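K.L.:
Submitted below is the structure of interest, expressed as structure tokens.
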Amino acid sequence: VERQRYARMTPLEVVEAYMSLKPKARGRVATTKAGVNRSKSQAKTWGDSQRRQFKAAAFLFGKSNGGKPLARTRQEDLNRFYDQLNRMPSTHHKSSRHEPMTIEDICVEAADRVEEAEKHEESITFTIGLDVGTINRHFANLKKLCTWLASKTTMRALDFSDYILVEEE
């Protein structure tokens, strides 16, 4: 029964379950006056920025995969998501107009706006394609979610190695 419940969860439902069951352990190293390093624990909580970024990956992937359960993710879904992140405008979801739109529709609209601007020799105020660091973060968070979900239900193994890239200096 529990396995089936997890198998039906959308990416956003999985992220909520993950964050409620797996508090984010954070620690830092403290140096004493004698210069000795010792581990000092802190509260096991999610920071606001971490929470927002972790949810953003699930939100965007859920919009990319049409809201199907995360456990049904296939390699093709990751390929499509990677392609979309590389075509998405930097201004995605800054307007409430994007909320009901699919990721693909947002990408197509941005490409059309760029084409129109070029035709009229106008400048645009956004870039196409998210930066490597942002894409890496989305895929690292998605990988963490999928690995965790695979321990809870039957889920195909996914290869994330093609999506998490080394940033150019």
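K.L.:
So, in the stretch 57-100, how many residues would count as being of a type in the set (Lys, Arg), part of a loop (DSSP other than H, G, I, E, B) and closer than 14 Å to CYS146 by Cβ?
P.N.:
Looking only at the stretch 57-100, we keep the residues that are of a type in the set (Lys, Arg), and these are 63, 68, 72, 74, 80, 87, 94, 97.
Those still in the list that are part of a loop (DSSP other than H, G, I, E, B) too: 68, 74, 87, 94.
The next check asks that each one be closer than 14 Å to CYS146 by Cβ; those that pass are 68, 74.
Count: 2.
K.L.:
Related question: Where the second residue is open to solvent by 100 Å² or more (accessible area, probe 1.4 Å) and the first is modelled with pLDDT under 95 and lies in the stretch 109-133, which pairs have Cβ atoms under 8 Å and are six or more apart or on separate chains?
P.N.:
From residues that are modelled with pLDDT under 95, the pairs are GLU116/GLU122; ALA117/SER123; ILE124/ARG113; VAL132/GLU167; VAL132/GLU168; GLY133/GLU167.
K.L.:
Next question, about the same structure. Can you give me the number of residues within the stretch 70-113 that are touching a Pro at 6+ places or on another chain (Cβ under 9 Å) and open to solvent by 70 Å² or more (accessible area, probe 1.4 Å)?
P.N.:
Count: 1.
K.L.:
Counting just the residues of the stretch 114-169 that are outside any loop (DSSP other than H, G, I, E, B) and of a type in the set (S, T, N, Q), which one comes out surrounded by the fewest Cβ atoms within 10 Å (Cβ to Cβ)?
P.N.:
THR147
The values are calculated or read from the model by the stated rules, or taken from the named source; none is laboratory data. Source: prediction; values computed, not measured. Neighbour counts are summed over all protein chains in view; Cβ atoms, including those assigned to glycine, are modelled from backbone coordinates with ideal geometry. SASA here: full protein model, heavy atoms, side chains in, ligands and nucleic acids out. Shrake-Rupley method; radii C 1.70, N 1.55, O 1.52, S 1.80 Å.
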